[in-house]
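Each remark here refers to the structure printed beneath this line.
The values are calculated or read from the model by the stated rules, or taken from the named source; none is laboratory data. Keep in mind it's a predicted model, so treat the numbers as computed, not measured. As a convention, Cβ positions derive from the backbone with ideal geometry for all residues, glycine included, and neighbour counts pool all protein chains shown.
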Amino acid sequence: MPNTMLPIDTLKGQVAIITGGGTGIGFGIASELALLGAKVVLASRNPDHLSEAESRLRTQGCEVLAIPTDVRQPEAVDNLFDRTLEAFGQVDILVNAAAGNFIVDSEKLSVNGWNSVVQSVLHGTFYCARRAGMAMISSGRGGRILSVVASYAWTGGPRTVHSVAAKAGVVALTRSLAVEWAPHRIRVNAICPGPTDTEGARPLWQDPEDRARTLAKVPVGRFGTVQEVAQASAYLVSPYADFINGEVLVIDGGEWLGKGLTS
């Protein structure tokens, strides 16, 4: 029996699109939604990531469609939704997990570097949310949209000004659409993971000193797991969270709060 937090058929008959769904947190969320009965559409810029992720989900008995997609391109987003609607006839859930980031001194950040991250995180989230909203409004059934943000969207963070600005924009977009689309039975929320043990993140704390420094900032004293983030995400897009709208759920062991005088 799969290890799920919610009843196994919670999302049966639902169709979920997950951008950035080929690896890491995006794949973890896709896997959790599939285990709960959803038909899953994986979108990623990297075809190799998609192929492996699709194979893993099919091995689990999940119904899955993989579509290479660069969310920075509106035409690619249109193709993603057109093919999903052609294959499954509906879109009930959208998870915006596609992202891009790199560390750089702000005065050394190029225009291309700024545009690449802002286009991936903010523009791509809007392009996908817009198409999802169109499909959900047209269907009359409504739906759920969930985006992945970071706590520096409200605290700021040195050497990540491009990502900070983009994630802050996604928080504002989330709250704005939550109010505007609520009459259409569309709920819009976000999750904010802290340091999470993923293959992509592990190099950041591969050095023992970096690992200790990172953990020292987390009051609970450990990294989060992909499953914890995925299960929280599944709850937010499930019928059990139908009165939660416009919220950002922080999953970081208290990191963003700081340790104050206890440190």
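Taking the condition of being part of a helix (DSSP H, G or I) and either without any contact (Cβ under 8 Å) to a residue 60 or more places away in the chain or surrounded by 19 or more Cβ atoms within 10 Å (Cβ to Cβ) (or both), how many residues in segment 242-263 meet it?
As a first pass, look at segment 242-263 and keep what is part of a helix (DSSP H, G or I): 255-257, 260-262.
This time we only want the ones that are either without any contact (Cβ under 8 Å) to a residue 60 or more places away in the chain or surrounded by 19 or more Cβ atoms within 10 Å (Cβ to Cβ) (or both), so: 255, 257, 260-262.
Qualifying residue count for the region: 5.
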For this session: Would you check if there is a residue in segment 213-231 being of a type outside the set (S, T, N, Q), touching a Leu at 6+ places or on another chain (Cβ under 8 Å), part of a loop (DSSP other than H, G, I, E, B) and modelled with pLDDT of 95 or more?
Result: no
For this session: Test Val170 against the criterion of being crowded, with 21+ Cβ neighbours inside 10 Å, touching a residue at least 60 places away in the same chain (Cβ under 8 Å), assigned to a helix (DSSP H, G or I) and of a type outside the set (Gly, Ala, Ser), and give yes or no.
Result: yes
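Scan Gly100, Gly26, Gly22 and give me the residue that is closer than 23 Å to Ile186 by Cα and not β-branched (Val, Ile, Thr).
Numbers: Gly100 fails: closer than 23 Å to Ile186 by Cα; Gly22 fails: closer than 23 Å to Ile186 by Cα.
Exactly one of Gly100, Gly26, Gly22 is closer than 23 Å to Ile186 by Cα and not β-branched (Val, Ile, Thr), namely Gly26.
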Exercise. Name the pairs whose Cβ atoms lie under 6 Å apart, with the first residue in segment 101-115 and basic (Lys, Arg), the second modelled with pLDDT under 95, and 6 or more positions between them or separate chains?
Worked result: none
For this session: List every residue pair whose Cβ atoms sit under 7 Å apart, with the two residues 6 or more apart in sequence or on different chains, where the first one lies in segment 30-53 and is modelled with pLDDT of 95 or more and surrounded by 20 or more Cβ atoms within 10 Å (Cβ to Cβ) and the second, anywhere, is part of a helix (DSSP H, G or I) and charged (D, E, K, R).
Result: Leu42/Glu54
For this session: Quick one: Ala129 ticks every box in (1) part of a helix (DSSP H, G or I); (2) surrounded by fewer than 20 Cβ atoms within 10 Å (Cβ to Cβ) except a single one, so which number is it?
Result: (2)
For this session: Being within 27 Å of Arg202 (Cβ to Cβ) and either assigned to a loop (DSSP other than H, G, I, E, B) or of a type in the set (Lys, Arg) (or both) is the filter here, so list the residues in segment 1-35 that pass it.
Result: Pro2, Asn3, Thr4, Met5, Gly20, Gly21, Gly22, Thr23
Seminar exercise, completed: Over segment 84-103, the set of residues more than 18 Å from the chain's Cα centre (by Cα), modelled with pLDDT of 95 or more and either hydrophobic (A, V, I, L, M, F, W, C) or not in a loop (DSSP other than H, G, I, E, B) (or both) is Thr84, Leu85, Glu86, Ala87, Phe88
Problem set entry | Residue list for segment 8-29, restricted to those being at pLDDT 95 or above, of a type in the set (Val, Ile, Thr) and surrounded by fewer than 21 Cβ atoms within 10 Å (Cβ to Cβ) | Thr10
